[in-house]
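Worksheet: one structure, shown below.
Please treat every number below as a calculation from the coordinates, not as lab data. On a predicted model such as this, the values are computed, not experimentally measured, just so you know. Positions of Cβ are backbone-derived with ideal geometry, glycine not excepted, and every protein chain shown enters the neighbour counts.
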Amino acid sequence: MTAEPASGAGADAGVRPAAEASTPASTPASTPPAGAAAAAGVPHRWRNLLTLTGVTAVDSTEGSVTATLFPSIAAALGLDNGSLGLLGALGKAASVPAGPLFVWLAGRVGRRAALVASTSLGGLFGILAGFSSGFGWLLLLNALMAAAVNGGNPIANAVIADSFSDRERGRAAGILYGVTSTVGSALGPLLALLTGFSDGWRYAMWAIGAVCLLSGLVVATVYRDPGVGAAEEQLADLDEDVRERQRRPVTVRSVLGLFRIPTYALMMASRLLSGHLLILVFGVQFLASERGFSNAVAAVVSLPFGLGYLAGTVGGGFLLGPVDRRWPDHGRAGYLQAAQVFFAVAAFFGTQFHYPGGIAPYCVFWALMGVGQGLNPPVNRPVVAAVVLPELRGQAFAVWLSVFETLGWGLFSILAGRLAASLGLQGVFLWVLVVLMLANAVLLGALHLTYRRDAHRVADALAERRRLARDPG
């Protein structure tokens, strides 16, 4: 990035004010038939989607493997809940600069090369983490692994936005995150089986490092970049060099200008209140320390959680289309609110009561929490993509996912680890997984006032780009 002047969603020559037209906020204005047809058939989009599942599966697995293995790591290294919180928090803190850095790198060397670098470095650090001689080395190498693999996530989201039109992004995001979470959740119990061996957690770290390296190899050989803005219905039938000439440079000022987009600012604030992320860090430890299950048995809930997440993401992605058609101006905001409430209710009954019958009742509630968490990606990614110009989406996702989500996750991890000593994990879960999620639902209600206007502003800017391309005089 440079320091040249620009701004956020409205940084385009001839951008008109937000339209007060009757077209749905979820569909671009002035869509040409040729552009709509081209946007629906971006080359290699499904192959790229399947390829990116490997990148995001690494991200998902990296985020859960340490928490899944932590009871065994704690026993081997003499650690407590505070150490688990520190592991999660430092890993996320290291990811804060990684997302913007890898997006910047993608702008210099291409998105494929940046994705290969992200997964390969993650694999290297994961393998080295398995050789850690003490908690200090594990803390450092786990943080570096987290930073590397999380750095590819914003790029993957930007590629999806460039591969699928607005009306298809929910379905694509649902499939992407559903498949990746299922892979990660299935790997969790398998990796936990290794804890039955002496130093089995080390074998698990080596295994996740190998998965990272394999993902990088797949990206290097299979991935084909669609080009920035390739799936915008106003621009899809234009040549890539024309789209590139019309793009504004990504500058420091233009990235800071993202926060002047009301919908984007609301999504940032909501990410800081996304308490459901804590279940991935402390869920297995909660069942082991406060419900008396062994590490291997407690880790079983990862599978139903992943299956629930799959149902939420894939089902939510297909549900978004009818929601957009039935409530074009308010459907996405209402959908997001309902997802937060659903998770809070499932978390209340899943974590605040003791149930007989072994691990089975907890598997049911973990599956429901997976559904609640999975309902979010099919709508929140399209919401962000709809209110940000194509050339800024990589940085928008980097700030949102790598910075704000990371800050929220890290803050929750540290506070939960410290408060668990006085409140217990059950008390922490009540405040973070239930009360905070309900507060998040209330905050997201403001999208009813902002989203339609912001989406139309971007659609109008793209329509103006098309007009200038067809009639430069």
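Of note:
- Cβ crowding within 10 Å averaged over residues, with 219-227, 162-170, 368-376, 283-291 ranked highest first: 368-376, 162-170, 283-291, 219-227
- Cα-centre dipole for the range 42-470 with unit charges at Cβ (Lys and Arg positive, Asp and Glu negative), debye to 20: 800 debye
- Directionally averaged projected area (convex hull, Cα atoms, the range 355-410), nm²: 5.1 nm²
- Acute angle (nearest 10 degrees) that the helix 111-129 long axis makes with the longest principal axis of the chain, alpha-carbon atoms: 10 degrees
- Its Kirkwood hydrodynamic radius, worked out from the mean inverse distance over all distinct Cα pairs, puts the chain at 22.3 Å.
- With 0.36 nm allotted per residue and the present C-alpha distance subtracted, the GLU290-ALA338 stretch has 14.3 nm of extension available.
- Angle in degrees between helix 262-272 and the longest Cα principal axis of the chain, rounded to the nearest 10: 10 degrees
- Set of the range 106-130 residues, backbone N closer than 19 Å to the point 7 Å along the Cα-Cβ line of ARG47: 111-116
- In this label model, ARG326 and THR221 are separated by 4.5 nm, measuring between points 7 Å along each Cα→Cβ vector.
- Relative to the longest principal axis of the Cα atoms of the chain, the long axis of helix 278-289 lies at roughly 10 degrees.
- If R0 is 41 Å, the Cβ-Cβ spacing of ASP471 and HIS448 corresponds to a FRET efficiency of close to 0.65.
- A full extension of the chain between ARG247 and ALA421 corresponds to an added length of 57.4 nm, given 0.36 nm per residue minus the alpha carbon distance.
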